[in-house]
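What follows is one structure encoded as structure tokens, with my remarks underneath.
The values are calculated or read from the model by the stated rules, or taken from the named source; none is laboratory data. Predicted, not measured: the structure shown is a model, and the values here were computed from it. Glycine gets a Cβ as well: all are built from the backbone with ideal geometry, and neighbour counts include every protein chain shown.
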Amino acid sequence: MAAALAVQVTRHRREFDLDNPVTDAIVLTAIVGVPNTIVARLAWRGDPRASFAVVTAAGLLMGWVFVEGTAFSRTSVLAPAYAAVG
């Protein structure tokens, strides 16, 4: 799924204005920040769905690292560490 998203984002690069750091921040918040906030809330309440949410959030984090490296053409020195932790 991450590979398909990377291909689509690369095709529509001009429409998304991917060279703007604000766009990157919005996408990062939507893909990584919101799911991790949901995980924290579920875990805080002791919800049994928290374990599934953790796996989902980790998958989204690894997908983000992949898409960021392929579609945005920018990577961080911490990207391999995030991928390993995810």
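Search the stretch 40-64 for residues being under 23 Å from Ala79 (Cβ atoms), hydrophobic (A, V, I, L, M, F, W, C) and out of contact with any helix residue (DSSP H, G or I) (no Cβ under 6 Å at 6 or more places or on another chain), and hand back the single one that is surrounded by the most Cβ atoms within 10 Å (Cβ to Cβ). Restricting to residues being under 23 Å from Ala79 (Cβ atoms), hydrophobic (A, V, I, L, M, F, W, C) and out of contact with any helix residue (DSSP H, G or I) (no Cβ under 6 Å at 6 or more places or on another chain), the top hit is Ala58. Taking every residue in the stretch 39-62 that is closer than 22 Å to Val27 by Cβ and pairing it with any residue that is loosely packed, with under 13 Cβ neighbours inside 10 Å, at least 6 positions away or on another chain, yields no pair with a Cβ-Cβ distance below 6 Å. Here the helices (runs of 4 or more DSSP H) wholly within the stretch 10-72 that include at least 1 residues being at pLDDT 85 or above and under 21 Å from Tyr82 (Cα atoms) are 34-45, 50-70.
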